[in-house]
Amino acid sequence: MNNLAVPRDADPVDALIRSIRIPPRPSLLADLQRELSAADPSPAAIGRIIASDVGMSGALLKLANSPFYGSTRKAKSIDQAILFLGINQVAALMTGLLARQAIPSDSAALAAFWDLSTRRAQAMVFLSRRLRIGAPDVAHTFGLFCDTGVALLLNRFPGYAATFEAACLEPQCRVTDIEDERHSTNHAAVGCLLARNWGLSSDVSVAILHHHDYSVIDDAATDDAVRSLVALALLAERSLQAYQGHAVSLEWEKGGERACAYLGLSDDEITDLLDNLHDCFSH
């Protein structure tokens, strides 16, 4: 890790965090969040905000018509997408598109990262709807943002790609422990910081911070919304590993038993969910 020139009495961890370039919240997202926080959000106003960016509008329509989002009808306009999916799901999709724009895929590693993150977000929506746990739009946002710290750390540390690869192959230690040991920070902490700076919900930011700490699933003092997101993320991870042809998911080995117990799912139910998700990924 490069040495940072900081005052002698400064906290080196704080200095390190400040040295990581956290993209500012896009103005389009701020406008969306402002309208969504109104006492009676206006679908028409949200449609106008989204339609102000032609490129984003086209990308949003393509995403909205994916089979993962539950509508059997094809939206031909932003207004139709809002009508079919609801303002919260459309806003979640838009937030994801803005994140990808703010952290561009200017390398093969980042392009692969965004492809995987998009599939994870889709899996989270599918699982939230199928199991009727939490709000699908919140699950989508968490699924997309939980690993954004990876993209930011790839840009910060030349050796981070090797660190993350090694951490993901560690059968026992937490991924974040390996990152902390080598870089004095980890992608969960950085992702949490980004989520807070972008005004995402506290449930999402806290779940991002703890999404590799599976003991949180058993912690009754933690909000159920956070525990559910972490448990669903383990299911999503297992489905992604299976889709990529991996027989074993190390993260599932670490926390799958806890997730199943918390979600009240049997082995047969897990198998059915994974089969259905694989079918969706294949279309």
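The values are calculated or read from the model by the stated rules, or taken from the named source; none is laboratory data. Just so it is clear, the model here is predicted, and its values are computed rather than measured. Positions of Cβ are backbone-derived with ideal geometry, glycine not excepted, and every protein chain shown enters the neighbour counts. Side chains included, ligands, DNA and RNA excluded: accessible areas come from the protein's heavy atoms. Shrake-Rupley method; radii C 1.70, N 1.55, O 1.52, S 1.80 Å.
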* **Conditions (1) under 15 Å from LEU169 (Cα atoms); (2) surrounded by fewer than 19 Cβ atoms within 10 Å (Cβ to Cβ); (3) touching a residue at least 24 places away in the same chain (Cβ under 8 Å); (4) not aromatic (Phe, Trp, Tyr): number failed by LEU274** => (1)
* Structure fact -> The lone condition ASP224 fails out of (1) out of contact with any helix residue (DSSP H, G or I) (no Cβ under 8 Å at 6 or more places or on another chain); (2) on the phi < 0 side of the Ramachandran plot; (3) modelled with pLDDT under 95 is (3)
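Conditions (1) within 26 Å of ASN276 (Cβ to Cβ); (2) among the hydroxyl-bearing types (Ser, Thr, Tyr); (3) open to solvent by 40 Å² or more (accessible area, probe 1.4 Å), marked per residue:
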site	(1), (2), (3)
TRP198	no, no, no
SER215	no, yes, yes
SER228	yes, yes, no
LEU235	yes, no, no
GLN244	yes, no, yes
* To do: Provide a single number: the residues in the range 136-179 that are buried (at least 18 other Cβ atoms within 10 Å of the Cβ) and either among the β-branched types (Val, Ile, Thr) or not in a helix (DSSP H, G or I) (or both).
  => 12
* State whether the residues of the range 204-211 include one that is modelled with pLDDT of 95 or more and open to solvent by 50 Å² or more (accessible area, probe 1.4 Å). => yes
* If you check ARG119 against the conditions, is it in contact with a His (Cβ under 7 Å, 6 or more places away or on another chain), under 27 Å from GLY256 (Cβ atoms) and open to solvent by 10 Å² or more (accessible area, probe 1.4 Å)? -> no
* Asked: For the subset of the range 92-112 comprising residues that are in a loop (DSSP other than H, G, I, E, B) and in contact with a Leu (Cβ under 9 Å, 6 or more places away or on another chain), which member is surrounded by the most Cβ atoms within 10 Å (Cβ to Cβ)?
  -> ILE103
* Quick one: count up the residues across the range 223-235 that are part of a helix (DSSP H, G or I) and more than 14 Å from CYS260 (Cβ to Cβ). => 4
* Any chance the range 144-152 includes a residue that's touching a residue at least 40 places away in the same chain (Cβ under 8 Å) and over 21 Å from LEU229 (Cβ atoms)? -> no
* Can you tell me which residues in the range 217-226 are over 15 Å from the mean Cα position of the chain (by Cα) and open to solvent by 10 Å² or more (accessible area, probe 1.4 Å)? -> ASP218, ASP219, ALA220, ALA221, THR222, ASP223, ASP224
* **Residue list for the range 246-260, restricted to those being surrounded by 12 or more Cβ atoms within 10 Å (Cβ to Cβ) and free of Cβ contacts under 8 Å to residues at least 12 places away in the same chain** => GLU257, CYS260
